[in-house]
Amino acid sequence: MNGQRNPFNIKATVVFCLLLAGLVLSGIAVELYAQEWAPSWQLPRRDRPANMVDEPITGLGEIPESRFFSPLICSACHTDIFKQWKGSTHAYAWADPLFQALYKKGRDEAKDDEQNAVMDSCVRCHTPVGFTSGKWECGQAPIPSEASRQSIFCDFCHSIKATAGIGNAPFILDPGDADKMDFGTKRGPFDDCPETNHKTEYSELHTRSEFCGTCHDVSHAGSRLAVEQTYTEWRLGPYNTGNPETTVHCQDCHMRQRPGVPATGSTERPDNPGFAATKIVGGLERPHIWTHYFVGGTSLVLGPSAPDPERQKMAEERLKNAATVEILTASTVKPGEILRARILVENVGAGHYIPTGLTEVRQAWLEVTVIDADGKKVYHSGYLDGEGHLDEDAVVYHTVFGDKDGKPTLDVWEADHIISDHRIPTKGQMVEKYAFLVPGDTKLPLQLKAVLHYRSAPQWLAVALLGDKAPTIPIVDMAEASATLDVQK
């Protein structure tokens, strides 16, 4: 990796926690908190956008929420963009019930100051203005209204004037003042915006993956373990060519998608002509407007109403264009003998690993089924039981974290190291090998089917966190392949 991780000083962290516990929010305490765990790493100067700087980040309690305008105010001029955003995962990053239940569990179960610091670090990405105002609810939050300044919203993103590096949200904010109706300066990808209610400023950062890497790279606030590495996976992968003319940034996929246009690495990524602001307020017609659906692998957005079928379909379209499955070879089929098969899974469309993000929770897995000529199931791997648990022999693409005792854990606050990381690299492939005994009474030919499934969280985990209120976690079939196996002549 280009760049260097900051060292973690445990003594300074203990001092910080004592200050915070005593509600000492002096400039010293704020600076300690901000600099201990953000950023997780820095780019070499030659590779940085112009507004990635070596300056202190915006810290805890430094900017009151009242300085930020609600998204509803932005919607008056940026109508289409607001409609795209309001049903997105960004709009519910803090209020999502599954996240809230996991966050509350972490706060309740954290054993020491280090683990509490991990949970507080979640706040900086999931409700950044809650963090910078020093006010957020630790329990179940209400689903936000369209006017809410919770979660990740317009005025927060476009008030970022710079970052101090990559990961753990090292943003530097410069908002206006909503209380005084001072709209301030909004940053974005254009350098010729007409100035109406607010000033505008071109931001190189907003046009590059480094902007997304602000939050989509996460390291553990205590152990410094790489918890989420979506940006790093992109940076070290083939979509980052090092040439501005050919590099495909996060925005080139995730902010080009709209209904019917998956915009992945395996599909076309056409421009989206239109207006960022309505024409009546002076908006310019442009050959491309970045969309704000922010679609990823989550096909269930837990918003204020029933799931939006259009957004679910967009997530499914993205997933179905991310990978392929191919049955490479199968040995001679003969009842009473061992059948061996190889299955190729290839990442053809994701600019990062499959899966990415919270990879100890998210899962992609192969389901392999073999059925004989009478319809009898000869072999089955990758099936789910009634509670949503995968069978022990399933090939699962995910990460397994270990705690300090070496035991597997899903509790990120206890994560100390990686036990295993079995995932599909960017434009990479995995070959999985299967072997099983074909019963002597099997009637040929056999039908072998392999399906790559995906879910953003196991159903049993959703039930453990939310009980009877748990939603049904969708399972998406990303790709599949079939083959007929018979005696070779």
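When Ser203 is evaluated against the numbered criteria (1) under 30 Å from Gly406 (Cα atoms); (2) among the small types (Gly, Ala, Ser); (3) at pLDDT 95 or above, which criterion, by number, is the only one it fails?
Failing condition for Ser203: (1).
Hey, Lys279 hits all of (1) without any contact (Cβ under 8 Å) to a residue 12 or more places away in the chain; (2) among the basic types (Lys, Arg); (3) buried (at least 19 other Cβ atoms within 10 Å of the Cβ) but one; which does it fall short on?
(3)
Tell me which residues, restricted to region 346-377, are within 19 Å of Phe436 (Cβ to Cβ) and either among the charged types (D, E, K, R) or in contact (Cβ under 8 Å) with a residue 12 or more places away in the chain (or both).
Across region 346-377, the qualifying residues are Trp365, Leu366, Glu367, Val368, Thr369, Val370, Ile371, Asp372, Ala373, Asp374, Lys376, Lys377.
Hand me the list of helices (runs of 4 or more DSSP H) wholly inside region 1-114 holding 3 or more residues that are at pLDDT 95 or above and farther than 18 Å from Ala169 by Cβ.
71-75, 79-86
How many of the residues in region 344-384 are more than 30 Å from Gly440 (Cα to Cα) and assigned to a strand (DSSP E or B)?
Residues meeting the conditions: 6.
Tell me, which residue of region 385-408 that is in a strand (DSSP E or B) and without any contact (Cβ under 8 Å) to a residue 24 or more places away in the chain is nearest to Thr442 (Cα to Cα)?
Pro408
Yes or no, residue by residue, for (1) in contact with an Asp or Glu (Cβ under 7 Å, 6 or more places away or on another chain); (2) of a type in the set (A, V, I, L, M):
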residue: Leu410; (1), (2): yes, yes
residue: Ile419; (1), (2): no, yes
residue: Ile424; (1), (2): no, yes
residue: Gln429; (1), (2): yes, no
residue: Leu444; (1), (2): yes, yes
residue: Thr472; (1), (2): no, no
residue: Val476; (1), (2): yes, yes
residue: Ala479; (1), (2): no, yes
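If a residue has to be farther than 26 Å from Thr89 by Cα and touching a strand residue (DSSP E or B) at 6+ places or on another chain (Cβ under 9 Å) to count, how many in region 264-285 make the cut?
4
When region 239-262 is examined, which residues are found to be buried (at least 16 other Cβ atoms within 10 Å of the Cβ), touching a residue at least 40 places away in the same chain (Cβ under 8 Å) and part of a loop (DSSP other than H, G, I, E, B)?
Tyr239, Val248, His249, Gln257, Pro262
Which of the residues belonging to region 190-238 are under 22 Å from Pro425 (Cα atoms), assigned to a loop (DSSP other than H, G, I, E, B) and of a type in the set (Val, Ile, Thr)?
Listed by number, the list holds a single entry, Thr214.
Assess whether Thr399 counts as being modelled with pLDDT of 95 or more, crowded, with 20+ Cβ neighbours inside 10 Å and in contact with a helix residue (DSSP H, G or I) (Cβ under 8 Å, 6 or more places away or on another chain).
no
Does Phe99 satisfy the condition of being within 30 Å of Met314 (Cβ to Cβ), touching a residue at least 40 places away in the same chain (Cβ under 8 Å) and surrounded by 18 or more Cβ atoms within 10 Å (Cβ to Cβ)?
Criteria not met by Phe99.
When the residues of region 302-321 are narrowed to those that are in a loop (DSSP other than H, G, I, E, B) and surrounded by fewer than 19 Cβ atoms within 10 Å (Cβ to Cβ), which ends up modelled with the highest pLDDT?
Taking the candidates together, the pick is Asp308.
Going through Tyr231, Tyr293 one at a time, which residue ends up being surrounded by 18 or more Cβ atoms within 10 Å (Cβ to Cβ) and not assigned by TED's automatic domain parsing to the domain that holds Phe153?
Tyr293
Please verify whether Glu137 is within 26 Å of Lys469 (Cβ to Cβ) and outside any helix (DSSP H, G or I), treating the condition exactly as stated.
Yes, satisfied.
Could you tell me which residue of region 326-343 is surrounded by the most Cβ atoms within 10 Å (Cβ to Cβ), considering only residues that are out of contact with any Ser or Thr (no Cβ under 6 Å at 6 or more places or on another chain) and not in a strand (DSSP E or B)?
Filtering region 326-343 for residues that are out of contact with any Ser or Thr (no Cβ under 6 Å at 6 or more places or on another chain) and not in a strand (DSSP E or B), the one surrounded by the most Cβ atoms within 10 Å (Cβ to Cβ) comes out as Val333.
Do we have any residue at all in region 188-201 that's surrounded by 23 or more Cβ atoms within 10 Å (Cβ to Cβ) and of a type in the set (Gly, Ala, Ser)?
No, every residue in region 188-201 fails to be surrounded by 23 or more Cβ atoms within 10 Å (Cβ to Cβ) and of a type in the set (Gly, Ala, Ser).
With Ile424, Ile418 as the choices, which residue is under 26 Å from Leu319 (Cβ atoms), surrounded by 14 or more Cβ atoms within 10 Å (Cβ to Cβ), touching a Gly at 6+ places or on another chain (Cβ under 9 Å) and of a type outside the set (Asp, Glu)?
Going through Ile424, Ile418 in turn, the sole match is Ile418.
The values are calculated or read from the model by the stated rules, or taken from the named source; none is laboratory data. Worth saying up front: this structure is predicted, and the values here are computed from it rather than measured. Neighbour counts run over all protein chains shown; Cβ positions are idealised from the backbone, glycine included.
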